[in-house]
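To start, the structure under review is shown below, and the notes come after it.
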Amino acid sequence: MRRKIYLFAPLLVIIGLISGCNGSSKTTSDSVNIPLPENIESVNIQDRKYYIAKPEKNFSPQKSYKLLLAFHGSGQSAQDMLGLAKLEANSNNYLVVYPQSKVEEWNEGCDCNKPHRLGINDLGFVENVVKDIKENYNIIDDELYAVGFSQGALFTQNLMCNSQLKFKAIASIAAPMSQQLSESCQIDNDTNYLLVQGEADTVLPYQGKPSGNFALIGSEQAIDLIAKQNNIENAPEVTQKELISKHTYQNEFHINQLVAIAGAGHRWSFDGFDTSKEVLNFFDSVSTKKLEPNSSLYRVTDNNGVKDIHVRSMGLEHSGPAVILLSGFNKNYHADSAWFSLLQPLIAKNHRVHVIERLGNGFSTFSDTPSYTAFAPLLDKTLTMLDEQAIVMVSFASSNILAQAWKDLPDSKTSSTLKGMLWIDPDIFLPHSIAHYQDWPVSLYRQIEDRLIPHLEAGGWTERSRGKLVLERAEHEQLISDEYINDMDWTYYDLISQQRLNIDKQITRAKEVINYHDDLVIMKTAEISSDTPISIIDTDFETADIENAETSEEAAKLTKWQQEGTQWSKLISERSNGQYIFLDNSAHMVVFEHPKPIIDAIKALMNE
């Protein structure tokens, strides 16, 4: 039975040299009784204990987190490891769990120490801890990590070799590998792995310890063996920078690396190498959810099960109404939060602002049936979790379908918070325009869906997509004026846009295009109410398409689409008491070219 306890407990603030198997421990400072910080919880599970450290900032039980297990050394405690590593202070994306060994050390797999002789099942204990955490917190699928120090590092190798758990990555600090485990290790789940050790370590020697009941192989031999067990057959790349050398084994799927610190002893961190940060950097580098500091995953449920929704939030220090950003298609039918890499930081200077990603976009969960209208109930649930009391919803391009579908929900929990909407180059819900949107490539994708999806699954469009990303980036660089060049977050832009090369993102894009047809059918009969202001920014981006049309018939269709859009946009904005804002000589990606009119329109809606 699981029981939480909150105690005054010792936190060891200085950790000395810790021995390996069958050894003793030494500390350079006595423990001091102080209360556990508010973000640290002590948990009893059967006859064992672990501590869970929640992110120090913006923790929410409604968010989803990666799970990181951190194992103490011989003679240490879980609290000692907590005070030593402080992993939770370096990232808001992990729940960090510090398990406590039953005796003074872990059953590390060498079959040579006290917990082995006592028959202590530490592997089973860890599995129970993970199960317990998953029953009480939202843990992101396939995002399980482990790190250990000293004898705890040897135990992490046992986890990699013998646990039923599947780890995304494991790190071992200040330990090579036991001779016994090296001879029996069989890794079933290929794992990313990091080994960090000082070359002058005399407690668990870097060069190994060839004889005795507790023999060790050297760290260089260990990383070579582990890499081969992880099916990395490539020879290592060895690099040297000052006192730090790296032996990197890598294939298409995984990376195993030894970081050796010249002249360093048995320590957690080293001069010029902050282990806590470096371990998290390594874990983040191999993660499929490369969440940056402003990003969170909110867990919601629908008829198809549990989903994680990616939300990027900025400007949380501000009061007043919040801005919600929804992204729609560009000419390549890409639609994710990369489009707001300039606009969001600018809005965040004065307002809270959240970008909400649809399923299959950004880091949101994949869906077999992605569409604007299908996402509307999940948007409502996500807004409920954000708990904003007043919002202005900004929709770029075709995402006004999502905004309208959300507002039309009969059981919405959040529509009452809406102060106004801003539609930027929106889809036009009139017959001619809808027919235009449903034409190529939507019609083509629908015709060849049974062949298109397998082609994408086989990687048939990956290089094609890569080329489009290069062209898009170059186009957007040209659109951003010198006034805003320092506000543009290219790091985030590249992080999100490069996700589009993943096969699941390519499939999402194709299925969203296919389902776009039915989204538009629904919008044919949508009644756009006038009870909330809708401002519309209308550009003349269609002019370039008209000028480049191959036939006069095609030019006439595009001209009608442009004229119909202008008339409809004026009607909607005037009828709802919003603004109609026309931008001539403008590109469709106005979010990069003209952020100021967008921000001004948002401010006007907030003042309604």
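FYI, it's all coordinate maths here, none of it is from the lab. From a predicted model like this one, the values you see are computed outputs, not experimental measurements. No Cβ is skipped: glycine too gets one built from the backbone with ideal geometry, and neighbour counts run over all protein chains shown.
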Check your understanding: Can you give the translational diffusion coefficient of the stretch 117-211 in µm²/s, computed by Stokes-Einstein from the Kirkwood radius over Cα pairs at 4 °C and 1.567 mPa s?
Key -> 90
Study note, to complete from the structure: Using the Cα gyration tensor of the stretch 155-203, the equivalent ellipsoid's semi-axes, largest first and to the nearest Å, work out to 21, 13, 7
Study note, to complete from the structure: With no solvent term and unit scatterers on the alpha-carbon positions of the stretch 2-286, Debye gives log₁₀ I(q)/I(0) at q = 0.08, 0.10, 0.11, 0.13 Å⁻¹ of -0.30, -0.47, -0.58, -0.83
Study note, to complete from the structure: Of 94-101, 574-581, ordering from highest average Cβ density within 10 Å down gives 94-101, 574-581
Check your understanding: Helix 462-479: angle to the longest alpha-carbon principal axis of the chain, degrees 0 to 90, nearest 10?
Key -> 70
Review point. Which entries in the list Lys246/Lys277; Lys524/Lys603; Lys241/Lys289; Lys66/Lys289; Lys63/Lys134; Lys86/Lys307 go over 19 Å, if you measure between the two C-alpha atoms of each?
Key: Lys524/Lys603; Lys241/Lys289; Lys86/Lys307
Exercise for review: Quick one: divide the alpha-carbon radius of gyration of the stretch 65-153 by 2.2 N^0.38 Å and tell me what you get.
Suggested key: 1.10
Review point. If you compute semi-axes √(5λ) of the Cα gyration tensor in Å for the structure shown, which of (1) 53, 26, 21; (2) 43, 24, 22; (3) 68, 26, 22 do you land on?
Key: (1)
Exercise for review: Could you tell me how many degrees, from 0 to 90 and to the nearest 10, lie between the Cα long axis of helix 372-386 and the main elongation axis, the longest principal axis, of the Cα atoms of the chain?
Suggested key: 60
Check your understanding: Using +1 on the beta carbon of Lys and Arg, -1 on that of Asp and Glu, and nothing else charged, what's the dipole of the stretch 2-286 about the Cα centre, debye to 20?
Key -> 760
Exercise for review: Only Lys, Arg, Asp and Glu count, each charged at its Cβ (+1, +1, -1, -1), so figure out the dipole size of the chain about its Cα centre, rounded to 20 debye.
Suggested key: 1820
Review point. Over all pairs of distinct alpha carbons, what does the Kirkwood formula give as the hydrodynamic radius of the stretch 481-583, in Å?
Key: 17.4
Check your understanding: Relative contact order for the chain: what is it in percent, counting Cα pairs under 8 Å that are at least 6 residues apart?
Key -> 9
Practice item. Work out the FRET efficiency for Asp47 and Arg117 from their Cβ-Cβ distance, taking R0 = 25 Å, and round it to the nearest 0.05. Key: 0.85
Exercise for review: Please determine, in degrees from 0 to 90 and to the nearest 10, the orientation of helix 595-606 with respect to the longest principal axis defined by the Cα atoms of the chain, where the helix direction is its Cα long axis.
Suggested key: 80
Point to revise | the stretch 269-347 shape via C-alpha gyration tensor axes, a/c threshold 1.5 | key: prolate
Practice item. Grab the other residues whose beta carbon is less than 11 angstrom from that of Asp504, score K and R as +1, D and E as -1, and report the net. Key: +2
Review point. By per-residue mean of other Cβ atoms within 10 Å, what is the highest-first order of 409-418, 550-559?
Key: 409-418, 550-559
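To check you understand DSSP bridge types, tell me what percent of the beta bridges within the chain (both residues inside) are antiparallel, rounded to 5.
Among the beta bridges of the chain, antiparallel pairing accounts for roughly 50 percent.
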**Study point:** Packing-based order for 304-311, 588-595, using average beta carbon neighbours within 10 Å, highest first
**Key:** 588-595, 304-311
